[in-house]
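The values are calculated or read from the model by the stated rules, or taken from the named source; none is laboratory data. Remember, it's a predicted structure, so these values are computed and weren't measured experimentally. No Cβ is skipped: glycine too gets one built from the backbone with ideal geometry, and neighbour counts run over all protein chains shown. Accessible surface areas use protein heavy atoms only, side chains included; no ligands, DNA or RNA. Shrake-Rupley method; radii C 1.70, N 1.55, O 1.52, S 1.80 Å.
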Amino acid sequence: GAPGAAAAAPAEVRLYRRRWAVLLLFSSYSLCNAFQWIQYGSINNVFVRFYDVSAFAIDWLSMSYMLTYIPLLFPVAWLLDKRGLRFIALAGSALNAMGAWVKVGSMKPHLFPVTVLGQVICALAQVFILGMPSRIASVWFGSREVSTACSIAVFGNQLGIAVGFLVPPVLIPNVEDVEKLAYHISIMFFMTAGVASALFILVILVFKEKPPNPPSRAQASIQSRPAAEYSYVQSILRLLRNANFLLLMVTYGLNVGCFYALSTLLNRMVIHHYPGEEVNAGRIGLTIILSGIVGALISGIWLDRTKTYKQTTLVVYIMSLVGMIVYTFTLSLGHLWVVFVTAGTLGFFMTGYLPLGFEFAAELTYPESEGTSSGLLNVSAQIFGIAFTIIQGQIMGRFGTKAGNLFLCSFLFLGTIMTAFIKADLRRQQAN
């Protein structure tokens, strides 16, 4: 990239080609970790029979990711500030590979506790991954490409979920013979462990802490600040006193929490209205994720070109609400293709909102650490996700799927109103 003199900072501003290798590598091990999150849920019935446990026990393998994140956010965000990006990348990719190899040792029906241990280690890895996209984008990318970079980083995680919906049913057929089942499961576990290990080695070789020169004036200003001036506790307190960020934290949690609940309960909704369509239920989930990936990339490119953070966030939120309402009232019409279309449209806006939230938070909270602001958004999403999943599941059991989805619509409406009150205080743009 072309170097330019930074007026407000002593360091020369410059872009390096390595930034794309760092971003691609992060997206890859994030993909691998997200795949391990959903690999049990996408063939829930197969693992229930293999390990001879309840469906609820298999569900908890996925829920462990949400529960682990909440208490560990602050320690990991502190480590990110104290030890830096490379340390966090090494820890995340190492734990991801370790968890995958532990699962390799759980290939017999009586070894369910071993697979639980492997999944918990992968859940620990996720804490070192989920809050990284906006931090990597800010540290390595220029002001005109930072939102696109954040979208690509989020894209890896979403693509991993999509692969998790698609690959396990192909690799592991639902056969009666337990020995054959163990063989097919071992193929998936060994492949995952091999990929995770290769990515860990690449992180050791390729992933750098930061470029020799900062990529933007905003980042140059942060890097020139004396370390003694920074206090992690004070940073969190400043974030919690930032009214615009608090509004965004709640609205982000409401939107993404609805997405988590919808994804978790999708199979139940589709099977209720379309009995025997388990395969298509998985394909609908895949459609939601893939359309969301497109939405995330488009929203990132749009932000880099227009810098209209508040307006774009509000429009995407409104469209998420409209999409949820349309999905709610078309689910029971009896036409599966309609569900594919409405679910895909909903996914486009709901998942497209993910990088928007991260980048809007980075703007509202500059010069605070992006890892801390993103982490707080994720904690809000995990808390609302667990609550919405449990409550919507109960409502669906008693009053049907329409009532459960209307429950989510009401909170998306509340989130839309709250988003309108966020003031677009774009501090990072002002610094640039």
_One residue is enough: does the stretch 191-209 have a residue meeting the conditions more than 22 Å from TYR29 (Cβ to Cβ) and assigned to a helix (DSSP H, G or I)?_
no
*From VAL116, VAL104, which residue is free of Cβ contacts under 8 Å to residues at least 60 places away in the same chain and in the same structural domain as ILE58 (by the TED database)?*
VAL116
_Pick from the stretch 66-86, criterion among the aromatic types (Phe, Trp, Tyr) and at pLDDT below 85, ranking: farthest from ILE383 (Cα to Cα)_ = TRP78
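Scan the stretch 68-87 and tell me whether some residue there is in a helix (DSSP H, G or I), among the polar types (S, T, N, Q) and either more than 18 Å from the chain's Cα centre (by Cα) or surrounded by fewer than 20 Cβ atoms within 10 Å (Cβ to Cβ) (or both). Before the answer, list the steps.
Step one: of the stretch 68-87, the residues in a helix (DSSP H, G or I) are 68-83, 85-87.
Keeping just the survivors that are among the polar types (S, T, N, Q) gives 68.
If we keep only those that are either more than 18 Å from the chain's Cα centre (by Cα) or surrounded by fewer than 20 Cβ atoms within 10 Å (Cβ to Cβ) (or both) too, we end up with none.
Checked against the condition, which is being in a helix (DSSP H, G or I), among the polar types (S, T, N, Q) and either more than 18 Å from the chain's Cα centre (by Cα) or surrounded by fewer than 20 Cβ atoms within 10 Å (Cβ to Cβ) (or both), the stretch 68-87 yields no hits at all.
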*Can you find even one residue in the stretch 230-237 that is surrounded by fewer than 16 Cβ atoms within 10 Å (Cβ to Cβ), over 24 Å from the mean Cα position of the chain (by Cα) and part of a loop (DSSP other than H, G, I, E, B)?*
yes
*Consider LEU408 carefully, then state whether it is crowded, with 16+ Cβ neighbours inside 10 Å and more than 22 Å from LEU67 (Cβ to Cβ).*
no
*Just to be sure, is ILE185 part of a helix (DSSP H, G or I), loosely packed, with under 13 Cβ neighbours inside 10 Å and either at pLDDT 85 or above or aromatic (Phe, Trp, Tyr) (or both)?*
no
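Looking at VAL154, VAL203, VAL139, which is the one that is at negative phi, touching a residue at least 24 places away in the same chain (Cβ under 8 Å), crowded, with 18+ Cβ neighbours inside 10 Å and in contact with a Lys or Arg (Cβ under 8 Å, 6 or more places away or on another chain)? Walk me through how you get there before you give the answer.
Working: VAL154 fails: in contact with a Lys or Arg (Cβ under 8 Å, 6 or more places away or on another chain); VAL203 fails: in contact with a Lys or Arg (Cβ under 8 Å, 6 or more places away or on another chain).
When all the criteria are applied, what remains is VAL139.
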_Tell me whether the stretch 267-277 contains one or more residues that are modelled with pLDDT under 85, out of contact with any His (no Cβ under 8 Å at 6 or more places or on another chain), aliphatic (A, V, I, L, M) and buried (at least 16 other Cβ atoms within 10 Å of the Cβ)._
yes
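So that you can scan it fast, the table gives a plain yes or no per residue for (1) within 19 Å of the chain's Cα centre (by Cα); (2) without any contact (Cβ under 8 Å) to a residue 40 or more places away in the chain; (3) closer than 19 Å to GLN392 by Cα:
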{"position": "ARG283", "(1), (2), (3)": "no, no, no"}
{"position": "GLY295", "(1), (2), (3)": "yes, no, no"}
{"position": "MET319", "(1), (2), (3)": "no, yes, no"}
{"position": "GLY323", "(1), (2), (3)": "no, yes, yes"}
*Go through the stretch 301-360 residue by residue and tally those that are open to solvent by 60 Å² or more (accessible area, probe 1.4 Å) and in contact with a Leu (Cβ under 6 Å, 6 or more places away or on another chain).*
0
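Taking ILE204 as the residue in question, decide whether it is more than 28 Å from THR306 (Cβ to Cβ) and either aliphatic (A, V, I, L, M) or assigned by the TED database to the domain that holds ARG305 (or both).
Yes: the conditions hold for ILE204.
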*Taking only pairs six or more apart or across chains, which ones have beta-carbon atoms under 7 Å, a first residue in the stretch 328-340 that is closer than 10 Å to TYR274 by Cα, and a second residue that is of a type in the set (D, E, K, R) and not in a helix (DSSP H, G or I)?*
LEU336/GLU277
_Search result, residues across the stretch 230-280 that are closer than 30 Å to LYS82 by Cα and aliphatic (A, V, I, L, M)_ = VAL233, ILE236, LEU237, LEU239, LEU240, ALA243, LEU246, LEU247, LEU248, MET249, VAL250, VAL256
